[in-house]
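The values are calculated or read from the model by the stated rules, or taken from the named source; none is laboratory data. Being a predicted model, the structure only gives us computed values, none of them experimental. Every residue, glycine among them, receives a Cβ derived from its backbone with ideal geometry; neighbour counts consider all protein chains shown. Only protein heavy atoms, including side chains, enter the accessible area calculation; ligands, DNA and RNA are left aside. Shrake-Rupley method; radii C 1.70, N 1.55, O 1.52, S 1.80 Å.
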Amino acid sequence: MAPRILKRQISFPEGFLFGAATSSYQSEGGNENTDWWIWEHGARRTKYLKDKDLDPAEYQSGIACDFYRRYEEDFALAASLHLRAIRLSVEWARIEPKEGIFNDEALAHYEAMLRAAKAHGFTIFLTLHHYTVPLWFAKKGGFAHKENITHFLHYARVTAKRLAPWVDFFVTINEPELYAIQGYAIALHPPQVRSYRAAWVVLGNLIHSHNLLAEYIQDHLEKPVSMAFNLTDLRPHGYFGKTVVRIANYLANEYVLRHTIDHCDYIGVNYYIHHHIGLFGQRKHSKSHHEESDRRWGIHPEGIARILLRLKRYKKPIYVLENGIADASDAKRGHFITEHLYHVHRAIARGADVRGYLYWSLTDNFEWEEGFWPRFGLIEIDREHGLARRVRKSAHQYAEICRTCILTLEP
Ligand code: BGC
């Protein structure tokens, strides 16, 4: 007689929020009045892509997913997948296209979008800054100049006040560490500056911006607020591994947190990356033959538990605001989600106050400097056929977890 294979089931705490995340620039389309749009069409970028034999059109956000007009369709799909929470962002350049001039139509659009999300019963996380800035703000030097903080605060306060009735959780700024490093230190993103000093200044200004904005949101709107922190799972490797990890953990994972935690009601976590580091460089994985995503990022679900457990010391509720995989064939996504959720559950069992998990991303979208090829979506966007939406098989697997709050583990 064949042995009976037992499946194990674990359940999430009541009220645990399962959902998905998106951002405006990556999905809306037509965000011409931004630093990113100009950068994507610039001569330097076009030459760089052509020299690599790449088609610049594949690396320009253009119409993206046309989410600006098709949000209702995407919300209906998300609801059909039993998602209970959604993370969205708004585009500053639409709301304040010129310095001090607010566009009422754009604000009304976002009101309608949030109303539509609420009609589906979603808990809404709203991000006020997710990488892009209006052109006029970029021309003034953006977050590299301390005096520009007031411009950001003005936009963010007006917007937060107007949209607050539909928002459950505010996210002030997405991944300040990555924003500063990628734009100002390693010149990967606009404005492509290469100066650690500039990155440090930007980071300081983002921290300051968050703290002031959070105070306003807490005092006047009485909504919970946080940043979305990009947290990396760092493991020791080789000589002085532990010391290097301790220092790197402070700089990469703790610096911003420690300087903003008093102005956070919860902790928003984005988790994607795991590294082994030591004095003489780094190694990507724990084992030599390790599974990777299409972006060649290693898949290390156990890292999410380590990160969540480290956050226990702050004694605040935690929401995973992003975790996902680029997987065009959809061969790995289902397992990726199950494994990460298993480790989220393990962290909860060990005392981490994790209250939600939002998969990145609801649909395929514009993956910044990588263009459209990385496919993170629970829902495929068919770029050849009018941006048709197709729910992936893995999304149905996730939907079952969202519906039942039960995770079934294969032996
Ligand atoms: C960013 C997203 C991005 C995702 C995958 C996160 O760091 O917030 O905008 O698409 O990573 O690269």
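Here are a few things to note about the model shown:
- The set of residues in the stretch 166-181 being within 12 Å of Thr123 (Cα to Cα) and open to solvent by 10 Å² or more (accessible area, probe 1.4 Å) consists of Trp166, Asp168, Phe169.
- Extreme residue, nearest to Leu163 (Cα to Cα), among residues of the stretch 203-215 that are open to solvent by less than 40 Å² (accessible area, probe 1.4 Å) and touching a residue at least 60 places away in the same chain (Cβ under 8 Å): Leu213
- Total residues in the stretch 363-375 satisfying the condition of being away from the ligand (no atom under 11 Å from the Cβ) and either outside any loop (DSSP other than H, G, I, E, B) or among the β-branched types (Val, Ile, Thr) (or both): the figure is 1.
- For the stretch 332-373, the candidate set comprises residues that are touching a helix residue (DSSP H, G or I) at 6+ places or on another chain (Cβ under 9 Å) and among the small types (Gly, Ala, Ser); within that set, the residue that is most open to solvent (accessible area, probe 1.4 Å) is Gly351.
- Residue within the stretch 334-342 that is touching a residue at least 60 places away in the same chain (Cβ under 8 Å), assigned to a loop (DSSP other than H, G, I, E, B) and among the small types (Gly, Ala, Ser) present: no
- Any hit, the stretch 290-305, residues being more than 26 Å from Asp330 (Cβ to Cβ), at pLDDT 95 or above and within 16 Å of the ligand (Cβ to nearest atom): no
Here's the yes/no breakdown for (1) more than 16 Å from the ligand (Cβ to nearest atom); (2) within 21 Å of the chain's Cα centre (by Cα); (3) not in a helix (DSSP H, G or I):
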{"site": "Phe143", "(1), (2), (3)": "yes, yes, no"}
{"site": "Glu147", "(1), (2), (3)": "yes, no, no"}
{"site": "Ala156", "(1), (2), (3)": "yes, yes, no"}
{"site": "Thr172", "(1), (2), (3)": "no, yes, yes"}
{"site": "Ala180", "(1), (2), (3)": "no, yes, no"}
{"site": "Ala187", "(1), (2), (3)": "yes, yes, yes"}
{"site": "Pro191", "(1), (2), (3)": "yes, yes, yes"}
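- Residue ID - modelled with the highest pLDDT, chosen from residues in the stretch 209-252 that are in a loop (DSSP other than H, G, I, E, B) and over 22 Å from Glu322 (Cα atoms): Glu222
- Exclusive hit being within 17 Å of Val344 (Cβ to Cβ), open to solvent by 20 Å² or more (accessible area, probe 1.4 Å) and in a helix (DSSP H, G or I), set Arg258, Arg310: Arg310
- Within the stretch 38-49, one or more residues are modelled with pLDDT of 95 or more, open to solvent by 70 Å² or more (accessible area, probe 1.4 Å) and among the aromatic types (Phe, Trp, Tyr).
- The listed residue being away from the ligand (no atom under 14 Å from the Cβ), touching a strand residue (DSSP E or B) at 6+ places or on another chain (Cβ under 7 Å), in contact (Cβ under 8 Å) with a residue 40 or more places away in the chain and of a type outside the set (Gly, Ala, Ser), out of Tyr271, Tyr239: Tyr239
- Thr408 open to solvent by 40 Å² or more (accessible area, probe 1.4 Å), away from the ligand (no atom under 16 Å from the Cβ), modelled with pLDDT under 95 and of a type in the set (S, T, N, Q): yes
- Residue match in the stretch 353-362 (condition: within 16 Å of the ligand (Cβ to nearest atom) and part of a loop (DSSP other than H, G, I, E, B)): yes
- Among the criteria (1) under 22 Å from the mean Cα position of the chain (by Cα); (2) on the phi < 0 side of the Ramachandran plot; (3) not aliphatic (A, V, I, L, M), the one Thr46 does not fulfil is (1).
- Qualifying residue in the stretch 246-254 (condition: within 21 Å of Arg375 (Cβ to Cβ), of a type outside the set (Phe, Trp, Tyr) and in contact (Cβ under 8 Å) with a residue 12 or more places away in the chain): no
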